[in-house]
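Data first, discussion second: the structure below is written as structure tokens.
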Amino acid sequence: MPSPLVADGNATAPVYPEDVTLPSGLPDPKYTDEAVLSIVCQDFERASNWLNNKMWVLHWRESDTLYQSPRSQAVFEGSSVTRSNVSRFNVAKAVNSLAPSINGAVFSDPTPFEIRPRPNVHQNSARAWKETIKIMLELCDFKSELSYGTEGMVNQGTVIYKIGWEEYTEIETYWERKEAPKQIEMPLGGPPVLIFTKETDEFKKIEKEVTKKRPIFEKCELGTVFPNPKWKSPNQMWKAGWVVQEYYLNYEDLKRLRDNPDYDIPDDDTLRFIFLSENESTDGQNILADTMTSNPSVHHAAQEDEDYSEDPLLKPMQVLEWWSEKEVRTVLQQKVVIRNAKHTLGQIPYLSANFWNIENAGLGLGVGRIAGSDQRVDAGVTNAALDIIAFAVQPEYAIARGANVPTQDQRRRLGGIRLVDGADATKAVALVPQPVVPADAWRALQVSNMAADAATGADQAAVQGSLPGRGSSVGRSGTGAGMLQSASQGRIQAPVERVIDGVLLPFLKFLWRQVKQNLTVQELRALLGNEMTEAIFVDFHDFYNADLKFDTVAGTRLAARARMAQALPFLLEIFGNQALVQQMGQIGWKVNVLEVTNMVMDVSEWQNKRDLIVPMTDEEKQQMQQNNPDLQKAQAGAQMLQQKHQNDMELENQKIQGRIAAQSIKDQHQKLIESPLDRATSFAERTADERQEQSSPYFTGSGGGLNQP
């Protein structure tokens, strides 16, 4: 019965011109599914064969074997006596000394990066970006995944990570009170008191489907990612041109991919039929993955193509995923194209870092190859010396020919007596002279260990944390201790730089692009609201258009945090100088106290800034104004000015009243000295006026006034 998975074409066929079209108005060519099937499968075969022919997989397996150092069985020639076979873990010791040091240097600060805003970017936007990317790193378990990959890089020479962005839905559970607690206001003021009852302690379960967005950062096993064989830019895998990855999915995995519109996944009935059919078997892993797991004495998880479950829906299916800078192509079981589209990641989504770089090669060397031969020397010399010592512990005996001495093994006991023939027992039985371990063997062993430590940088004083041998005084002074610290940092400087340049900084820039592309303002507000109180005040126009520069705070790369912390007390003292503040005010500048506080909190890495620095209430503002010395001085000055004004008004009023009184006295005095002729003239004028008034037609006669019209 044929396989239910119908192939889109012949995977070994070449790509013909009619399989490639150039639609009008589109800059990139369009490939048919038949062409995509041939490209993905054949690129996969060629890249895997190239890695295998160059013996990379054998070097990786050798490093893995040396790291675990399994014991083998060997016996002395012509006997069943087991020879010495002590495992030596020089490679594992070096890896577990260097890898923590590299990780400690990269994560010397809880936030392993700094953001340097350009002059036209507000500091609040830079601070919001830092919190956003910090949250993204936590969502993808960046620290643990990077640390795990660093161990593999140190041992095998290269580590590869896959990055991406995913959006998914999940059910979240909330608990809501059935009845809110009552509040009682305190009679003397203060916050209200909540009264809890049996009803208020009852909750109801609420389930809500939410959409989650997060980045992807995961380590890839060597032998499952196949870059273009022409790739020659170490620590820059995005420059490889194209990369193929092999992995395996089951029924549920493919079913989830159906939610992504870029994938062409069959319906549930067809998909179940494919998995339930016995004629569709799992496509085996490539030769590299088989070689990596071929040693039964080296322990790893089972291969992905092996089926350890009786559930047919858990049967693994091979998936080949081909990536370029713009295109992504996915093939199932080397038969069906399930994705052939453009992606919006902006780069090949793979990052890499080497322990030691190789000229004109993308892959690198690790401790397994650098110090592997020294571990073999150590194990060989040690076991050979133990074999020689075994002769001294269990010596051979020489027996005189013809002497009556038992030749069979006999149990010996303390204080026992053994009978032999002859007058001199020493001539009948004697110990055979035993070989001695040559002193050169121990010197060779010491030189081998020193050479391995010097080559890898895992010497005991600099990295392993222990001082040199007896007689060394390097750690007895501050200069010596500083030398040890400098040596430790210098030894791991280059690997730390490669991890930063090849993985950390490119991933930070990737997150910067993806956040702007995939998260809305509402989602960013909700995200930042849990971390910083000023999230609502972020200018998101400035946030989205911010031109940022990422920098790291690795222990050997910058030590910026330490320098900032050391300089902070001097800055606080300078900006607290009132003379300087007054001089700045005279030229129109001031010190932003809130920004100084943010600097202190950023350097200290305390996470309680939102609880430590809070806005004032209206009552506190009023009380602050009342207690303000400048305000009190101004109010006192205003009261004094008002009192002075009142006193001036009263004085002026008194002056006016005095002038009026003086004028009245003057008028009365003038009347007293008036002549009789002047009085007679005034009387005649009044009499004439009265007569003229009485003769007016408007005069009433009785009221002494004029008639009103």
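The values are calculated or read from the model by the stated rules, or taken from the named source; none is laboratory data. On a predicted model such as this, the values are computed, not experimentally measured, just so you know. Neighbour counts are summed over all protein chains in view; Cβ atoms, including those assigned to glycine, are modelled from backbone coordinates with ideal geometry. Side chains are part of the model used for accessible areas, which takes the heavy atoms of the whole protein and leaves out ligands, DNA and RNA. Shrake-Rupley method; radii C 1.70, N 1.55, O 1.52, S 1.80 Å.
Any idea which residue in segment 265-279 is farthest from Thr330 (Cα to Cα), counting only those that are in contact (Cβ under 8 Å) with a residue 60 or more places away in the chain and crowded, with 17+ Cβ neighbours inside 10 Å? So, considering only residues that are in contact (Cβ under 8 Å) with a residue 60 or more places away in the chain and crowded, with 17+ Cβ neighbours inside 10 Å, the one farthest from Thr330 (Cα to Cα) is Ile274. In segment 98-112, the count of residues that are more than 30 Å from Phe510 (Cβ to Cβ) and modelled with pLDDT of 90 or more is zero. For Thr82, the conditions (1) free of Cβ contacts under 8 Å to residues at least 60 places away in the same chain; (2) in contact with a helix residue (DSSP H, G or I) (Cβ under 9 Å, 6 or more places away or on another chain) all hold with the exception of (2).
Identify all residues within segment 225-246 that are closer than 19 Å to Glu45 by Cα and surrounded by fewer than 19 Cβ atoms within 10 Å (Cβ to Cβ); write none if there are none.
Of segment 225-246, the ones closer than 19 Å to Glu45 by Cα are 225-231, 240-246.
Listed by number, the residues that qualify are Pro229, Lys230, Gly241.
The residues in segment 147-161 that are in contact with a Lys or Arg (Cβ under 8 Å, 6 or more places away or on another chain) and not hydroxyl-bearing (Ser, Thr, Tyr) can be counted, and the count is 5. Residues of segment 102-114 that are open to solvent by less than 20 Å² (accessible area, probe 1.4 Å) and among the aromatic types (Phe, Trp, Tyr): Phe113 alone. Can you name every residue in segment 190-225 that is of a type in the set (D, E, K, R), more than 27 Å from the chain's Cα centre (by Cα) and either part of a strand (DSSP E or B) or at pLDDT 90 or above (or both)? Once the filter is applied, which keeps residues that are of a type in the set (D, E, K, R), more than 27 Å from the chain's Cα centre (by Cα) and either part of a strand (DSSP E or B) or at pLDDT 90 or above (or both), segment 190-225 yields Lys204, Lys205, Glu207, Lys208, Glu209. Pairs linking a residue in segment 308-330 that is within 11 Å of Tyr248 (Cα to Cα) to a residue that is in a helix (DSSP H, G or I), with Cβ atoms under 6 Å and 6 or more positions apart or on different chains, are Lys315/Phe275; Leu320/Val40; Leu320/Phe44. Candidates in segment 191-206 are the residues that are free of Cβ contacts under 8 Å to residues at least 24 places away in the same chain, of a type in the set (Val, Ile, Thr) and touching a strand residue (DSSP E or B) at 6+ places or on another chain (Cβ under 7 Å); of these, the one that is least open to solvent (accessible area, probe 1.4 Å) is Thr200. For segment 27-39, the criterion of being more than 30 Å from Asn155 (Cβ to Cβ), open to solvent by 80 Å² or more (accessible area, probe 1.4 Å) and assigned to a helix (DSSP H, G or I) is met by at least one residue. Screening the candidates Ala559, Ala554, Ala494 for the property of being at pLDDT below 90, open to solvent by 20 Å² or more (accessible area, probe 1.4 Å), under 21 Å from Thr158 (Cβ atoms) and aliphatic (A, V, I, L, M) yields one hit, Ala494.
So that you can scan it fast, the table gives a plain yes or no per residue for (1) at pLDDT below 70; (2) touching a Gly at 6+ places or on another chain (Cβ under 8 Å); (3) in a helix (DSSP H, G or I); (4) open to solvent by less than 100 Å² (accessible area, probe 1.4 Å):
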{"site": "Lys644", "(1), (2), (3), (4)": "no, no, yes, no"}
{"site": "Asn647", "(1), (2), (3), (4)": "no, no, yes, yes"}
{"site": "Gln657", "(1), (2), (3), (4)": "no, no, yes, no"}
{"site": "Ala661", "(1), (2), (3), (4)": "no, no, yes, yes"}
{"site": "Gln670", "(1), (2), (3), (4)": "yes, no, yes, no"}
{"site": "Ala680", "(1), (2), (3), (4)": "no, no, yes, yes"}
{"site": "Phe683", "(1), (2), (3), (4)": "no, no, yes, no"}
{"site": "Glu693", "(1), (2), (3), (4)": "yes, no, yes, yes"}
{"site": "Pro697", "(1), (2), (3), (4)": "yes, no, no, no"}
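Yes or no: segment 290-297 includes at least one residue that is among the charged types (D, E, K, R) and at pLDDT below 85. Talk me through it step by step, then tell me what you get.
Pass one, segment 290-297, residues among the charged types (D, E, K, R): 290.
The next check asks that each one be at pLDDT below 85; those that pass are 290.
Scanning segment 290-297 turns up at least one residue that is among the charged types (D, E, K, R) and at pLDDT below 85.
Taking each residue of segment 603-631 that is more than 29 Å from Gly529 (Cα to Cα) and looking for partners that are open to solvent by 70 Å² or more (accessible area, probe 1.4 Å) and at pLDDT 65 or above with beta-carbon atoms closer than 6 Å, six or more apart or interchain, yields Leu631/Gln625.
Apart from one condition, Glu45 fits all of (1) of a type outside the set (S, T, N, Q); (2) assigned to a loop (DSSP other than H, G, I, E, B); (3) over 30 Å from Phe550 (Cβ atoms); the exception is (2). Being over 27 Å from the mean Cα position of the chain (by Cα) and of a type in the set (A, V, I, L, M), is that true of even one residue in segment 275-285? Within segment 275-285 (the criterion being over 27 Å from the mean Cα position of the chain (by Cα) and of a type in the set (A, V, I, L, M)), the answer is yes, since at least one residue qualifies. Scoring Ala99 on the criteria (1) part of a helix (DSSP H, G or I); (2) surrounded by fewer than 21 Cβ atoms within 10 Å (Cβ to Cβ); (3) touching a helix residue (DSSP H, G or I) at 6+ places or on another chain (Cβ under 9 Å) leaves a single failure, condition (2).
Residues in segment 536-549 that are in contact (Cβ under 8 Å) with a residue 60 or more places away in the chain and open to solvent by 20 Å² or more (accessible area, probe 1.4 Å): Phe537, Asp539, Asp542, Asp547, Lys549.
Against the test of being of a type in the set (Val, Ile, Thr), crowded, with 20+ Cβ neighbours inside 10 Å and in contact with a Gly (Cβ under 9 Å, 6 or more places away or on another chain), the options Ile216, Ile160 yield a single qualifying residue, Ile160. Out of Ala428, Ala390, Ala400, Ala439, one residue alone is of a type outside the set (D, E, K, R), at pLDDT 80 or above and surrounded by 14 or more Cβ atoms within 10 Å (Cβ to Cβ). It is Ala390.
Listed here are the residues, each with its yes/no results for (1) open to solvent by less than 20 Å² (accessible area, probe 1.4 Å); (2) within 30 Å of Gly223 (Cα to Cα).
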site	(1), (2)
Arg116	no, no
Ser125	yes, no
Lys130	no, no
Lys134	no, no
Leu139	no, yes
Lys143	no, yes
Ser147	no, yes
Glu151	no, yes
Asn155	yes, yes
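So, in segment 54-74, of the ones that are of a type in the set (A, V, I, L, M, F, W, C) and open to solvent by less than 80 Å² (accessible area, probe 1.4 Å), which residue ends up nearest to the chain's Cα centre (by Cα)?
Restricting attention to segment 54-74, the residues satisfying the condition of being of a type in the set (A, V, I, L, M, F, W, C) are 55-58, 60, 66, 74.
Narrowing further to those that are open to solvent by less than 80 Å² (accessible area, probe 1.4 Å): 56-58, 60, 66, 74.
Working: Trp56: 31, Val57: 31, Leu58: 34, Trp60: 28, Leu66: 32, Ala74: 49 Å.
Per the stated criteria, the residue is Trp60.
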